[in-house]
Amino acid sequence: MEHFVVVMIEELGELSRARKQLLRDKQGLDMNALRHELVDIFVYFMQACMAVNMDLEKEFLSKKKLDESRFSRKG
């Protein structure tokens, strides 16, 4: 699991660098590079879920239901 965390942090760093180049350095945003980094994060995330035998869809729906009940407006 440590490997997946480390590589996801590295990929998030790449996204952060792209944001910095866009906002601070006023450089254009390379959409292909951005997509590449997002896919890398997705792949590592999915591998981490598989490593712990996680049913991501089931967990997502459970969390969504919990959040909806916690944050729904009553009245």
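Each value in this text was obtained by applying a stated rule to the coordinates, not by laboratory testing. The structure presented is a predicted model; accordingly, all values stated were derived computationally and were not measured. Heads up, the Cβs are rebuilt from the backbone with ideal geometry, glycines too, and the neighbour counts pull from every protein chain shown.
Estimate the FRET efficiency between K64 and V43 by the formula 1/(1 + (r/R0)^6), using the beta-carbon distance for r and 22 Å for R0, to the nearest 0.05.
Values: r = 23 Å, r/R0 = 1.05.
For K64 and V43, the calculated efficiency is 0.45.
Suppose only helical runs count, i.e. DSSP H with n ≥ 4. What mean residue ellipticity at 222 nm does that imply for the chain under -39500 (n - 2.57) per run, divided by all residues and rounded to the nearest 500 deg cm²/dmol?
Values: 3 runs with 59 residues, N = 75.
The helix contribution divided over the chain gives -27000 deg cm²/dmol.
May I ask for the net charge around L66, where only other residues with Cβ less than 14 Å from the Cβ of L66 are counted and Lys, Arg are +1 while Asp, Glu are -1?
Here the charged neighbours net out to +2.
Can you give the FRET efficiency for A51 and K20, using 1/(1 + (r/R0)^6), R0 = 35 Å, r = Cβ-Cβ distance, to the nearest 0.05?
For A51 and K20, the calculated efficiency is 0.65.
Starting from the Cα of K20, draw a straight line to each of the aspartates and glutamates and keep only those under 20 Å, dropping any in the same chain fewer than 8 residues away.
Of all the aspartates and glutamates, those that pass the test against K20 - Cα under 20 Å, at least 8 places apart if same chain - are E10, E11, D30, E37, D40.
Specify the longest stretch of the chain that does not include any exposed loop site, a site being one of the trypsin sites (Lys or Arg not before Pro) with a non-H, G, I, E, B DSSP assignment and at most 12 other Cβ atoms within 10 Å.
Counting only loop sites that pass the neighbour cut-off, the longest clear stretch is 27-72.
Can you give me the orientation-averaged projected area of the convex hull built on the Cα atoms of the chain, in nm²?
For the Cα atoms of the chain, the hull's average projected area reads 7.6 nm².
Quick one: how many lysine pairs does region 24-75 have with C-alpha atoms less than 30 Å apart and a gap of 8 or more or different chains? Give me the count, please.
The result is 4.
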